[in-house]
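Heads up: the structure comes next, in structure tokens.
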Amino acid sequence: MINLTINGKHHQFDGDPDMPVLWLLRDELNLKGTKFGCGAGLCGACTVLVNGEPTRACVTSASDAANASITTIEGLSRDGSHPLQVAWEELDVPQCGYCQAGQLMSASALLAKNPDPSDEDIDTAMDGNLCRCGTYIRIRAAIHKAAQLGKSKPGSLATVPAGKDGY
Amino acid sequence: MQIHRRSFLRASALAGGGFLIGLYPKSSALAQNPRAGDASLLPSDFVRIAPDGIVTITARNPETGQLSRNMLPMMIADELDVDWKDVRIMQADLDDKYGIQFTGGSTATPNNWDPMRQIGGAARQMLVAAASQTWSVPESECTTASGRVIHKVSGRSLCYGELSSKAATMPVPALKSVKLKDPKDYRIIGTTTRGVDTKDIVTGTPIFSIDVTVPGMLYAVYQKCPVYGGKPISANLDAIKALKGVRHAFMVQSLLVPGKFINFLNDDPGLEPGVAIVAESWWAAKSAREKLEVKWDVGNWGKQDSEDIARRADEISKRPAARTLRKDGDVDAVFQSGDVKVVETAYVFPFIAHAPLEPQNCTAHYRDGKLEVWSSTQTPQNGRQIVSRVLGIPEGNITLHLVRGGGGFGRRLYNDYICEAAWISKTVGAPVKVLWTREDDFAHDYYRAGGFQHLKAALDKNGKLVAWRDHFIGYGEGETFTHTGHLDPNEFPSRFVPNFLMQASVMPLGLKTGALRAPRSNVYAWVFQSFIDELAHAASKDPVQFRLELLSAGPPAGTQGVMNAERMMGVLKLVAEKSGWGKRSLPKCTAMGVAFYFSHRGYFAEVAEVTVWPDKKIKVNKVWVAGDIGSQVINPGAAENLTQGAVVDGMSELLQEITLKNGGVVQANYDEHPLLSMSQTPSIEVHYLRSNNPPTGLGEPALPPILPALCNAVFAGTGERIRTLPITKQGFSFA
Ligand code: FES
Ligand code: FES
């Protein structure tokens, strides 16, 4: 039996301990926001936060994540109110949109640690998140914008919803 | 577009109030009485105005990220004169009433520009008529704004919602008689609107094809032979069926004739042979597949190898070409005349894959001779046709739900994954989701065709291009090129050079090929605009100047099938101006390159500024894009996003190749077929030249020039010409 906290809510999983967190989230818990792109840790589409660290869910097994606290795109905020989501919407970042959940999660880990990143900081943090449609310029701009929004709303850059029931 | 020429407008009142106006496919009875019965008939495109003033518009084309979902509704809404915030967009499923539903070829804008505006304008006209009757004032005294009809003289106004029921009873204007706005009055066209799905995307809402779930659904993986045309002889099916979570495992034979030359789309077998594993979860199916052992009959292509192909192409290049595609003047006479400077070289480019980020997938449910499908496809009509053939059921028994796709780029023009899901669901008698691994996707694509171009050209003593010969060595059989692997005889600079010879030879190929964003142009631009750059340098002329001179030697504007040289010169001059071409002093190891290309009715010229370090690492500092896609850029924000994406996509293509070994594809994942990363992405400045031409698309034409512009910059900086792709073959990479 594996215990996990996902978006603030406790879960128990008694299936295949080798199952990657990606499929646990998508097919067992019906949290479809985390995406499958390469299955090999190469594209970043499946990025979630494990104890606050950006992690490729496709190469992280359920047993590796035992007792961890996981945040997915659904946990960033359900209503799109996290500064990153607001900025993403305002700059209309997506094209096909498929990579964006992973991009947002990597960006959220960056801002949680570094609330005012430079271009270089952003490039370093985001380089493992591929966008087949090439929306990088807008992603970078949206991270800067979210950093600004975050300044005016203290605490809004936190990535795990504190004290409220998860999804 | 044919579908619209056979259409007419019709209006009807809605139960509970409101008004619907739509474009209907023509049937004689209805054409005579646009309000007559037949409630079952539905419009192909429509506007519905509810009593609360909310306007709903259908989006009938599949969405795979080319941002067209807003664009057609924007055209309607502007002519209707409503506020964008009051517009709702509804995605249509596949249905014949919608006419052609297709995404590709940058066709959405040119095909819809007139009819969409006419629908909006007609609805507005009827609302004005309704208001003028209500108030008993002449229509000419009524104006519209923000979803209201206004009678200024009396200070009265009514919102569209209030007028909608009455408007439904007003005379329906004939399509052609609809009065359209003066472009200077546009309030939505030419103003950025945001993607309708953006909120769902940033909150992780399940809107993609891979997110579809159906009650009782099983999951499947499908193992095909690594070699095209191969089929399974036997497999350890019993052992697989005994694994945890596995429900079914079976072999599938297909309609595919091994080794037969197939011209997709029309002859696409849709279903290749393989082994299906169906399980309770996708992870269980995929894990079981790791234990699968299949004995394959690899068919005719088991020895195919990229190195052999290259050797063979080299031999062919030394022989006379198999056939001539175009001949103007006499190139040989010029080459032999002695008083010209001759430049001769060859360009080599590989197969590459589409690899949209969402792997191919489809959910299908076959029940009682009927099939229901949820998937993302750029060609739903083709998909339904192929599936009907594969399953042997009539097309009328197939329902296809169009779900958002995580990228298309041409890959989802082909519907093989839909056939697989349909077949497997029928076999197991349950709803099934087929999901490919990324490795499946790289191994079973419809690849952009590779090829070899042997070029020779002559410059006269004034440095003018006087002769051009091309021997293209591609793939195919006899007179037929492999699907989208052909060469257009009108390819630039044909008709701009007095002596022009375009010839071709083909080699057999056991690999599917297909359309990739800006088919053919995505690499022919690199070949021809690189070679033209070589000629500019050979003529000791500035690369922009040389191109302008070449363009002014062209046929008169309006010549059928040829790009308009004036428009191209316009964007070339604009990009030179914006980039400060020849006017800026550049730091050490830094240089600029230029290229232009005409494709999909769009005119694009691009300049790249690069710094190349001694270790051959290329830092792309900046890219300038100038495009002419007509009088209006309908949604400028989306246009900029797509154009920048096209540049990034083109840069990625400089790094990619698909090679063959023992008949199979070598590259398995993104590490071996890379995508550009954020840190490698330059700043990209986009400009549009608004010319007096109907608006056209830009998903594709913005891409081709970046490849040669960048390689031309590398030459300017290093003196080394990149003539083989990927650029890593010559030791280059992106910093
Ligand atoms: S799907 Fe996990 S990194 Fe690509
Ligand atoms: S928006 Fe399509 S992959 Fe990033």
Restricted to segment B:347-374, and to residues that are small (Gly, Ala, Ser) and away from ligand 2 (no atom under 16 Å from the Cβ), which residue is nearest to the other protein chains (Cβ to nearest Cβ)?
B:Ala364
Answer residue from segment A:111-138, given it is closer than 17 Å to A:Cys46 by Cβ and surrounded by 20 or more Cβ atoms within 10 Å (Cβ to Cβ) and is farthest from ligand 2 (Cβ to nearest atom) among those
A:Ala125
State which residue pairs qualify: first residue under 20 Å from B:Lys85 (Cα atoms) and surrounded by 18 or more Cβ atoms within 10 Å (Cβ to Cβ) and inside segment B:141-167, second residue at pLDDT below 95 and aromatic (Phe, Trp, Tyr) in any location, beta carbons under 6 Å apart, and separation of 6 or more residues or different chains.
B:Ser164/B:Phe19
Can you name the residue in segment A:86-110 that is over 21 Å from A:Leu22 (Cβ atoms) and surrounded by 24 or more Cβ atoms within 10 Å (Cβ to Cβ) and, of all such residues, is nearest to ligand 2 (Cβ to nearest atom)?
A:Gln95
If I go through segment A:33-51 residue by residue, how many of them are in a strand (DSSP E or B) and either assigned by TED's automatic domain parsing to the domain that holds A:Lys113 or within 6 Å of ligand 1 (Cβ to nearest atom) (or both)?
0
Any residue that is farther than 28 Å from B:Pro705 by Cβ, surrounded by fewer than 22 Cβ atoms within 10 Å (Cβ to Cβ) and without any contact (Cβ under 8 Å) to a residue 60 or more places away in the chain - is there at least one of those in segment B:500-519?
no
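Got a sec? Which of A:Ala45, A:Ala57 is crowded, with 24+ Cβ neighbours inside 10 Å, on the phi < 0 side of the Ramachandran plot and within 16 Å of ligand 2 (Cβ to nearest atom)?
On the way: A:Ala57 fails: within 16 Å of ligand 2 (Cβ to nearest atom).
Within the list A:Ala45, A:Ala57, the selection yields A:Ala45.
Residue by residue, here is whether (1) more than 21 Å from the chain's Cα centre (by Cα); (2) surrounded by 23 or more Cβ atoms within 10 Å (Cβ to Cβ); (3) in contact (Cβ under 8 Å) with a residue 12 or more places away in the chain; (4) under 23 Å from B:Ala605 (Cβ atoms) holds:
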| site | (1), (2), (3), (4) |
| --- | --- |
| B:Ile634 | no, yes, yes, yes |
| B:Gln644 | no, yes, yes, yes |
| B:Val648 | no, yes, yes, yes |
| B:Glu653 | no, yes, yes, yes |
| B:Ser677 | yes, no, no, no |
| B:Ser691 | yes, no, yes, yes |
| B:Pro695 | no, no, yes, yes |
| B:Leu698 | no, yes, yes, yes |
Residues satisfying the stated conditions in segment B:657-669, i.e. crowded, with 21+ Cβ neighbours inside 10 Å and either outside the structural domain of B:Asn522 (by TED's automatic domain parsing) or touching a Lys or Arg at 6+ places or on another chain (Cβ under 9 Å) (or both):
B:Glu657, B:Ile658, B:Gly663
Cβ pairs under 8 Å, 6+ apart or interchain, first in segment A:40-63 and under 23 Å from B:Ala355 (Cβ atoms), second more than 16 Å from ligand 2 (Cβ to nearest atom) and of a type in the set (Ser, Thr, Tyr), ordered by first then second residue, are A:Thr47/A:Thr55; A:Val48/A:Thr55; A:Val48/A:Thr71; A:Val48/A:Thr72
Can A:Asn30 be described as away from ligand 1 (no atom under 15 Å from the Cβ) and either in contact with a strand residue (DSSP E or B) (Cβ under 9 Å, 6 or more places away or on another chain) or among the hydrophobic types (A, V, I, L, M, F, W, C) (or both)?
no
Members of segment A:91-118 that are facing chain B (nearest Cβ under 8 Å) and part of a helix (DSSP H, G or I)
A:Gln100, A:Ala101, A:Leu104
Within segment A:52-60, is there a residue that is at the interface with another protein chain (Cβ under 7 Å from one of its Cβ atoms) and assigned to a helix (DSSP H, G or I)?
no
Hey, can you tell me all the residues within segment B:495-528 that are among the polar types (S, T, N, Q) and within 27 Å of B:Thr643 (Cβ to Cβ)?
B:Thr513, B:Ser521, B:Asn522
Members of segment A:98-143 found to be within 16 Å of ligand 1 (Cβ to nearest atom), closer than 26 Å to B:Glu63 by Cα and among the charged types (D, E, K, R), listed by number
A:Arg132
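The values are calculated or read from the model by the stated rules, or taken from the named source; none is laboratory data. Fair warning: this is a prediction, and the values are worked out from it, not measured in the lab. Positions of Cβ are backbone-derived with ideal geometry, glycine not excepted, and every protein chain shown enters the neighbour counts.
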